[in-house]
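Some notes on the structure that comes next.
The values are calculated or read from the model by the stated rules, or taken from the named source; none is laboratory data. Here the structure is a predicted model, which is why all the values come from computation and not from measurement. Ideal geometry is used to build each Cβ from the backbone, glycine not excepted, and the neighbour counts take in all protein chains shown. To get the accessible areas, we keep the full protein, side chains included, count just its heavy atoms, and leave off ligands, DNA and RNA. Shrake-Rupley method; radii C 1.70, N 1.55, O 1.52, S 1.80 Å.
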Amino acid sequence: MNIEISSVELAQILQERSNSLILDIRSKDNYMSGHISGSANAVCTSMQQKQIIMSKIPPNMKVILIDEDGSEAKQNATMMARFGFDAHYLKDGFKSWTGQIVKSTQDTTISGDILWNSIRQDNDVFLLDVREPQEFAEFKIPGAVNIPLSQLFMPGSQLQIPKDKKIVTICSHGNRSMVATFALAQNGLESTSLVGGMSLWNQVLGATTLKENDIVIIQVEKIGKGCLSHIIGSNGEAVVIDPTYPPSKYLEYAQKEGLKITKVIDTHQHADHVSAAKELSQITGSKLYLSKLEEYKLESEKIEDGSSISFGTKQLLVMHTPGHTPGGMSLVLDDKYVFSGDILFVEGIGRPDLRDQAEEFAAKLYDTLHNKILKFNDNVRIFPTHHSEGVNPTKDGIYYTTVQNAKKLPLIDLDKTEFVNKVVGITTPRPMNYSMIIKINKGIIPIAPEQIPDLEMGPNRCSIRM
């Protein structure tokens, strides 16, 4: 079978706009500096990725590969032909092309950190999520539009995609989104694929700083999951509460404010994300503090109700707040700020069913809320460890609520019996992989950092969904 195509034949194919994909397998830099109009950059980092990409390309497509001189493209086209693809390669490669060459106006790939900054700074980004509808409904980047990859090659499917914005394609791991760039290039639309997809998007951290009197509060948000952690600074010294991966970002944020991290605390055993507390304490030489009432297998200083943790000129007072977990602790600063873990959120309350003792934990949750948290002055601010999708921060850009606002939340006005019955009757899907994550956070089983993105993928589900 002849899989070779000449430069003249390729020009004819492009003119006819036939059902074909032109894939440029040269390096990203070479592609961006000049490529054939209508081609897409297709650089795979492994044989596994090549196989995944090939499985997503419609089998009725003619695929034409382009490299610099034709040698690598010939090998890949031969392999694809053996898999049943109508695969071809450009004879003598890109150097033989005498037709029109265009330069890229945007990068072929984008990291989650850069995308987050782009979203915050301008409205010139169109987020195209090419996962299946059920995946998209589960969790997504706010503002994204869903057109499944299976539909993107169909006529008319791209009519809702604007031509005056930067198009970023999104999937779960970055493979389908790369194929989506092929489909868009086929129709003359330049686009960028999100590296690592939603898996790595869930690892993007952002920080907002609040300075009041003699303290600094840096709220660190895990953008894709709504996880919140806090760096609290006083007199050059800082405590970190509930850190997430990657821990190196906490050093960056603290150093920017002239703070040295000396204490690291987890309020409870998290079920929806892997704690970075142990690793952060190791890389900073800090003391690690964990609840005395949780079954940790990690070396740490144990805290319990009434304990205090000093830093700078301040002290955090420890308050036992069971209900979400049996040994959860909240941290109180100056009787003005409460760092509540997963007991109380801006929009709701913590769920009591992740340890399979829902009725018992719901009763403890009621007591914690009414006899401890809501006993503080109405103006006391409560900083949670999560927020749900659609919850907006305050004008300061920080997620927190007040005791006064918390008293208005659903379920809070019920008596204890009604509260327990109602809470136990609410069914909410559990966090993905929560059982394994709990074991990792206990210190029972080890975890490699590269495994964390897939383990954490999905929305946070630590609150009661009303």
Notebook entry, point to check: Taking into account only those residues within segment 191-226 that are part of a strand (DSSP E or B) and over 24 Å from Gly285 (Cα atoms), which is most open to solvent (accessible area, probe 1.4 Å)?
Noted result: Lys211
Item checked: From Gln315, Gln255, residue being assigned to a strand (DSSP E or B) and surrounded by fewer than 20 Cβ atoms within 10 Å (Cβ to Cβ) -> Gln315
Checklist line | Spans of helices (runs of 4 or more DSSP H) in segment 20-122 with at least 2 residues touching a Lys or Arg at 6+ places or on another chain (Cβ under 9 Å) | finding: 28-33, 47-56, 71-82
Check: Regarding Ser172, is this residue open to solvent by 10 Å² or more (accessible area, probe 1.4 Å), in contact (Cβ under 8 Å) with a residue 24 or more places away in the chain and either touching a Phe, Trp or Tyr at 6+ places or on another chain (Cβ under 6 Å) or under 26 Å from Thr45 (Cα atoms) (or both)?
Finding: yes
Check: Of the residues in segment 235-246, how many are surrounded by 21 or more Cβ atoms within 10 Å (Cβ to Cβ) and either of a type outside the set (A, V, I, L, M, F, W, C) or closer than 17 Å to Gly341 by Cα (or both)?
Finding: 7
Margin query: Tally up the residues in segment 10-42 that are within 16 Å of Ala73 (Cα to Cα), of a type outside the set (S, T, N, Q) and either open to solvent by less than 50 Å² (accessible area, probe 1.4 Å) or without any contact (Cβ under 8 Å) to a residue 40 or more places away in the chain (or both), please.
Written below: 12
Note to self: Looking at segment 358-390 only, could you name the residues that are assigned to a loop (DSSP other than H, G, I, E, B), among the acidic types (Asp, Glu) and over 29 Å from the mean Cα position of the chain (by Cα)?
What the structure shows: Asp378
Notebook entry, point to check: Just wondering, is there one or more residues in segment 349-357 that are more than 24 Å from the chain's Cα centre (by Cα), open to solvent by 10 Å² or more (accessible area, probe 1.4 Å), on the phi < 0 side of the Ramachandran plot and not polar (S, T, N, Q)?
Noted result: yes
Notebook entry, point to check: Can you spot a residue in segment 322-331 that is open to solvent by 10 Å² or more (accessible area, probe 1.4 Å) and either closer than 16 Å to Ser229 by Cβ or in a strand (DSSP E or B) (or both)?
Noted result: no
